[in-house]
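First comes the structure, then the notes that go with it.
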Amino acid sequence: MEPRISIITLGVMDLERSVNFYRDGLGLPLQEGYEGQIAFFELKGTWLALFPRDLLAEDANQAGEGQGFQGFTLAHNVRSTEAVDRLIEKAASIGAEVVKNPQDTDWGGYSGYFKDPDGFLWEVAWNPFFKID
């Protein structure tokens, strides 16, 4: 296996609401051809996909129910502590739930967390050890 993740797919409850959150709220670039069944956002190095949760569960032969902490987070690194604050504020302004306000970390960075409309946890971080191209 080559060392990369090509697509991260989030199973969402309301595709249109989630597309609006990521495209209109956070400003991610929606791929052309979005037709209401699945949405792709091309990011640097990977894609983010939104797909109805029940259909994603069916595709993976899994039960669609589930709640609480899913055992993973998504992370978005930014170039400064001020950028962390701005993005957390932006997410809150478009309906995200801030679950951890930005703060200094024990590993030398600065980060906070929000939940998107489906409860997926996003960490927004400034990491002095992570180079952003």
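The values are calculated or read from the model by the stated rules, or taken from the named source; none is laboratory data. The structure displayed is predicted, hence computed values, not measured ones. All Cβ positions, even for glycine, are placed from backbone atoms using ideal geometry, and neighbour counts span all protein chains on display.
At a glance:
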{"quantity": "Selected residue (only one of 83, 63 is among the aliphatic types (A, V, I, L, M) and free of Cβ contacts under 8 Å to residues at least 40 places away in the same chain)", "calculated": "63"}
{"quantity": "Test: residue in the stretch 76-88 that is on the phi > 0 side of the Ramachandran plot, exposed (fewer than 12 other Cβ atoms within 10 Å of the Cβ) and over 12 Å from the mean Cα position of the chain (by Cα)", "calculated": "no"}
{"quantity": "Some residue of the stretch 82-96 being farther than 28 Å from residue 15 by Cα and out of contact with any helix residue (DSSP H, G or I) (no Cβ under 7 Å at 6 or more places or on another chain)", "calculated": "yes"}
{"quantity": "Lone unmet requirement of (1) closer than 20 Å to residue 5 by Cα; (2) within 13 Å of the chain's Cα centre (by Cα); (3) modelled with pLDDT of 90 or more for residue 39", "calculated": "(2)"}
{"quantity": "Per-region count, the stretch 96-133, residues of a type in the set (A, V, I, L, M) and free of Cβ contacts under 8 Å to residues at least 24 places away in the same chain", "calculated": "2"}
{"quantity": "Subset tally (residues that are in a strand (DSSP E or B) and more than 23 Å from residue 45 (Cβ to Cβ)) for the stretch 55-104", "calculated": "8"}
{"quantity": "Complete set of residues in the stretch 24-46 that are surrounded by 15 or more Cβ atoms within 10 Å (Cβ to Cβ), out of contact with any Pro (no Cβ under 9 Å at 6 or more places or on another chain) and in contact (Cβ under 8 Å) with a residue 12 or more places away in the chain", "calculated": "25, 26, 28, 34, 39, 40"}
